[in-house]
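*Asks:* The structure is given below, and queries will be raised subsequently.
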Amino acid sequence: MAAPRNNNSSCWGVPDVYKHHEQKKICISRPKYRDGRRDRAVKVYTINLESNYLMIQGVPAIGVMTELIQLCALYGTVEEYRPLDEYPAEEFTEVYLVKFQKLTSARAAKRRMDEKSFYGGLLHVCYVPEYETVEDTRLKLQDRRRYIIRAVRNKAREKEQKEAVNEKPTSSEKATTSETEYHYHRHGNPHWTIPTEDKMGTLHNAIIDTKRLEPHSSSSCQASLDKDRGTEQRLTLNQAPAAVRFVPRTTQLENRKRRMEEAADHSLTDVTINNEPLIGPKLPEPPKLDMEDVSLNTTANLIRNTLKKVESVPDLKPVEKKVKPRRRI
């Protein structure tokens, strides 16, 4: 804190020109990847150097105090403001002191208004913590402590969440490996028995009874193997059939007709080969008309056979063609 001039204890007294009020030169030693759109000076601010009080220099002396305060109000609530007439400034310019309600508002106003053109003049904005009272400094430090505590808690919570997410896949992998081991010992080893609980009532470090393992002989192994084979055979029998290929109706009728003819041929050949006597009355043959001509009789027989074949095939429903509606132009 700097002592005001003329031993004036008021916080609105006119201070001396301090080093942090001056505008620094542009930094030219920054690497290219750190350069922004505008050339800036490099300066580090701590919570002690920041303040709710801002000093605005370079305001044209044309009576634009109202416009300046309206510009400051865009970044936060302005509690107090006044011109510093006794502060040394350039010719035809004025200096104003503005107090914001929040430190974040003052920080945003300094960042946006510094080196900004305002009614033909170039503004220079800087913090003036020497105007703070003891109560203002106490509140500023307490607010900073709360912010740091909140930030640390958020980082710790994010770290715990990341660790939990990383632990989930490992736990699932362990569960799968334990299940596979259990399955292997249960089905792969015929002498394996269910572990008994320990004295604490859990299966951790369970005690396996060795006495139960001794009576098992080769007969039990053979029975278990036979049981496994039976289950495999049942599974193969119960497997779903292959996908049925689509066959047209006409092809199905032709295949059925061919099978019927083959069955009739086989029945005739079996009768002729075995020479077994037919049991039962002989059915009367249908009367045959004699056309008194060999060619006519052959033609009539062909027609009769064709009619029999047609009668054996069921009636097919005619496919109705869908008439497309005519489009009106």
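*Asks:* Work out the P(r) tail for the stretch 74-178: percent of alpha carbon pairs separated by more than 17 Å, whole number.
*Replies:* That tail contains 70 percent of the Cα-Cα pairs.
*Asks:* What figure in square angstrom, to the nearest 10, would you give for the accessible area of S29 with a 1.4 Å probe?
*Replies:* Accessible area of S29: about 100 Å².
*Asks:* For the stretch 1-160, state what percent of all Cα-Cα pairs lands in each successive 5 Å bin, counting from 0 Å until the bin that includes the largest distance.
*Replies:* Binned Cα distances yield the sequence 1, 8, 16, 18, 19, 15, 11, 7, 3, 2, 1, 0.
*Asks:* Which pairs, out of K99/K155; K19/K110; K99/K140; K43/K116, put more than 22 Å between their alpha-carbon atoms?
*Replies:* K99/K155
The values are calculated or read from the model by the stated rules, or taken from the named source; none is laboratory data. Treat the numbers as computed from the prediction; the structure is a model and nothing was measured. We work out accessible area using only protein heavy atoms, side chains counted, and drop any ligands, DNA or RNA first. Shrake-Rupley method; radii C 1.70, N 1.55, O 1.52, S 1.80 Å.
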